[in-house]
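A short reminder: the numbers here are calculations on the coordinates, not readings from a lab. Because the structure is predicted, anything quoted here is derived from the model rather than measured. Positions of Cβ are generated from backbone atoms using ideal geometry, with glycine treated the same way; all protein chains shown enter the neighbour counts.
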Amino acid sequence: MKKLLWSAAVLSLLSACSSVPLEEPGPAGGPSAGPSVTEPLVVPPLSSLPETPARPLQGRYAAVSWQQLPGWAEDDLAHVWKGLLNDCRGLMRPVSGSLASPARAAPRAWQPVCQAAVQSGLGPQSAGAPVREFLQAHLRPWQLEQSSGQPASGTVTGYYEPLIRASRTRTGAYQWPLYATPDDLLIVDLGAVYPELAGKRVRGKLEGRRVVPYDTRAQIAADPSRQPPVIVWADDPVEAFFLQIQGSGRAQLPDGSVVRLAYADHNGRPYVSIGQWLARQGEMPLAQTSMQNIKQWARSHPDRVQQMLNVNPALVFFREEAIADPELGPRGAYGVPLMAQRAIAVDPEFVPLGTPVWLDTRQPGGAGPLRRLVFAQDTGTAIRGAARADFYWGTGDQAGASAGRMKQAGRMWLLWPAHAGAPGAR
C-alpha cells in the first residue's frame, strides 16, 4: 500500500535493456495475495512449515529486559491482540520463493507463538494485562543498534488512507477519474533474462514489435481512446491525486456506502512533485505546499488544474475492494491489512516484515511521547536505514493531518520469539 514515490536510483541500469523506467517491486503477487482476516486463524504443524534459506540482515540486535522499554507499562495494548492474530495469518501463510519479496520473519520461529495465541482463549478485542502477560511470556525485546553498538535512531514519518467523495457515474462535481488497470499494460521481469537485475520489473506497452514506455498521465488525460476503465469519479482533483500518492484509499459514494480503492498497478513513470512545480512557478513557497494549500490553489485556478496534475507523469491504477472490517486499513507490503496506529512501514533489511516492534518516538510536532507496540507490515522506497519508519495513522482527514505533521526521531526494539534467539529473516 505504501506511498508510491518510485526510486530513480535504478534507472541507470536500464540503458542496456530498454527505455522503460524500472520500478522497485513489492512482494510477489502484491498486497492482494494476503491471507483472509474474516476466517479463524489456523496454525499449521511445525513439521509442515519448510525450513527456507536464511536472509542476512544489516542490523545489530541487543537483548534487553521488558523493563528497559520506555513506556512499556503505559501502552494499553488496545487492538494489539487483533493485530497479532492478523500478523500470525501472514506469518503462517505459504512462503513465496520470489526474489522480489522483502525479508520476512521466519515462520518456523513464530509457529509456537501463534499456536499459543490460538490456544490462549483471548479474543480479538482483548487488551491490557492479559495481552501484556502473553507477550512477556512468549517474546523477548531486542534493541536495534548501529554498527558502533549504540542504539539506532531514525526518522519516523507518517502516512494514512485518504477518504474521498466519488461517484460511479460522471456527473456534476464528479469529474476526476480513478482508473482500473489497462488491458494493454505489460510487466517485464528483467531478472528472467538478466540475473543481475533479479527482482526488477519494467512497465510498458507494445508498439508493433517494440516495448515502449507506457502512456504518461498527460497522454491518458488527453486521449479518450487511451483511457482505461474508470472505477469511480472523484469530486476533487487534488484529493484524487493525493490518494494516488498514498497508494490506496476509501471512496464514499452518494448513497453513503464506502468502497476501498486498493493499489493494483502503475504506469511505470517516475514520480514528480506538483508542490515543487508550484514553488518553481512562484505560486507559493515550497514550505507551504500542503494538500490544503494546493486544494485552495486548484479552486482559484480551475483552468490550470490539469496542467498542474500533468507535471507528474506517474499514474496509479486501482482495483475495488469491499471493506469487511472498518477498523482495518488497506493491505501493506506484507499482505496483511494495516491497523490504525498499530502498523509501520520499515526497511526489511533491518526489521523483517511481520515483526512486532516497540516504537519510541514523539507525537506530530513533538507534543509528547508516542510509545507503543506496532507491527512491521509495510515498506516504501523512501523508508531506508536502521530505525527508519513510517507510522500508519488510519483513515480520513484527521489521520491525514497527523501524518502530514509527523517527522520525529525514533528508536525501535524488535519483539522476537523468546525461544528463537536473535532476530532473523527468511
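Ordering 175, 192, 238 by the projection of their Cα atoms onto the charge dipole of the chain, which places +1 on the Cβ of Lys and Arg and -1 on the Cβ of Asp and Glu, puts 192 at the extreme positive end. Based on Cα contacts under 8 Å between residues 6+ apart, the chain shows a relative contact order of 28 percent.
The count of lysine pairs in the chain with alpha-carbon distances below 19 Å, taking only pairs 8 or more places apart or on different chains, stands at 4.
For the residues 313, 70, 330, a GNM of the chain with alpha-carbon springs under 10 Å puts the largest fluctuation on 70. Taking amide H positions as modeled 1.01 Å from N, with prolines and chain starts lacking one, the residues under 5 Å from residue 232 and 5 or more places away or on another chain are 178. Packing, taken as the mean count of other beta carbons within 10 Å per residue, orders the peptides 169-178, 384-393 from highest to lowest as 384-393, 169-178. Taking the chain as a Gaussian network of alpha-carbon nodes connected by springs under 10 Å, the highest mean-square fluctuation of the residues 333, 63, 279 belongs to 279.
The helix-only estimate of mean residue ellipticity at 222 nm for the chain, built from DSSP H runs of length n ≥ 4 each weighted as -39500 (n - 2.57), is -5500 deg cm²/dmol after division by the residue total.
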